[in-house]
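S.K.: Attaching a single structure in structure tokens format; questions to follow.
We did not get these values from a lab; they are worked out from the coordinates using the rules stated. All figures in this text were calculated on a predicted structure; none of them were measured in a lab. Cβ: placed from backbone, ideal geometry, glycine included. Neighbour counts: every protein chain shown.
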Amino acid sequence: MTGKVTGTRDTAAVVLVRAEGEVGDEALAYARTKIGAVVNRPGLPAVTGEVRIAKAAAHHAEHPWSAVADLRVGRTVVVVHAREATSQEVTDQLQDRLRRQVERAAHGAIDAHRPVSPPWRGGQLAEGPAGLDAGQRDTGSV
């Protein structure tokens, strides 16, 4: 299987799109457009890497089209896989998954899932029920 190099863009995002197998020019153009829409957005750090689109030689395969994106967004490595029945479906699925992962990498959503430190370890006080701070008590009538 030899790869066919299809070009790069001269923007902050340098992503190489390669084809493996019997991939037509229309499928590559569609993939370049969709991937470019994800990686050439303003506000993203530098994006580099490659996207490989392949069609399986076996005609009996249920999902003969596959795509792999191996990108570096700033300092974060993003790897996305997709498998579908048609080239357009695999490209759309890759775009959706890639958009989510690039957003996470660019805006640090991975750090948002870490547990909050308790106040005695330098964390901030969490808000309790009804807008009360954790250190306040409800002194209403009983």
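S.K.: Got a sec? Charge dipole of the stretch 3-113, +1 on Cβ for Lys and Arg, -1 for Asp and Glu; which of 65, 16, 47 is way out at the positive end?
M.R.: Positive-most Cα among the choices belongs to 47.
S.K.: Still on this model: Report, in whole Å, the centroid distance computed from the Cα atoms of the stretch 68-99 and the stretch 13-27.
M.R.: So the separation of the two Cα centres works out to 13 Å.
S.K.: Set Lys and Arg Cβ to +1 and Asp and Glu Cβ to -1, take the dipole of the stretch 3-113 about its Cα centre, and tell me which of 85, 31, 74 lies farthest positive.
M.R.: Projecting each Cα onto the dipole axis, the largest value belongs to 74.
S.K.: So what is the relative contact order for the stretch 3-113, in percent, with contacts set as C-alpha pairs under 8 Å and at least six apart?
M.R.: Values: 199 pairs, mean separation 24.3, N = 111.
In percent, rounded to a whole number, it is 22.
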